[in-house]
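Okay, so here's the structure we're looking at.
A short reminder: the numbers here are calculations on the coordinates, not readings from a lab. What you are looking at is a predicted structure, and each value in this text was computed from that prediction instead of being measured. So basically every Cβ, Gly included, is an ideal-geometry build from the backbone, and we count neighbours across all protein chains shown.
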Amino acid sequence: MARSWFVFAVIAMLPLAGCDPGLNGHWCGKDVGDDDECEGDEALYTELDQSDSEVTGRFCEAYEQDCYDIHEGRFDGKNLTFKYFFSEQSVTGTFTLSEDTLDGTLHSTKCDCDIPTTLHRL
């Protein structure tokens, strides 16, 4: 009888297994609830797709505006790094994941400056 309860408990928890989305999904520079609310100056919108330690996707200056493909994306379980290119310039992102928030900086070669950035999971 005890064994059947154990098997039942394991089966009941199977849908929860693997529910950690890692970085997969959409992120916004504003703490909003939906993609289409991620708008306005400096909103920043990001779509990330993680497979093991590799990260792909795109980085946008706002929802569906001025989007650039992410290159060299890497995630080690806590830290995310990536690059994207525009014109003759590039931006390097360096972030740390904490629950549903990515905190870090964007370094732009255009201004040779670091821009503190926080992204929130949508």
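The value of relative contact order for the stretch 18-121, using C-alpha pairs under 8 Å at least six residues apart, is 20 percent. Taking Lys and Arg as +1 and Asp and Glu as -1, the other residues whose beta-carbon sits under 15 Å from that of Thr109 total -2.
Annotation for the stretch 60-116: trypsin sites (Lys or Arg not before Pro) lying in DSSP loop with at most 12 further Cβ atoms inside 10 Å of their Cβ are Lys78, Lys110.
Residues of the stretch 51-66 with an amide N closer than 14 Å to a point placed 7 Å from the Cα of Glu39 along the Cα-to-Cβ direction: 62-65. Loop-located GluC sites (Glu not before Pro) in the stretch 58-117 (DSSP state not H, G, I, E or B) with no more than 15 neighbouring Cβ atoms inside 10 Å: Glu64, Glu88, Glu99. Model label points for Glu99 and Cys113, set 7 angstrom from Cα along the Cα-to-Cβ axis, are 3.1 nm apart.
Shape call for the stretch 18-121 from the C-alpha gyration tensor, a ≥ b ≥ c root eigenvalues: rounded (a/c under 1.5), prolate (a/b greater than b/c) or oblate? Oblate.
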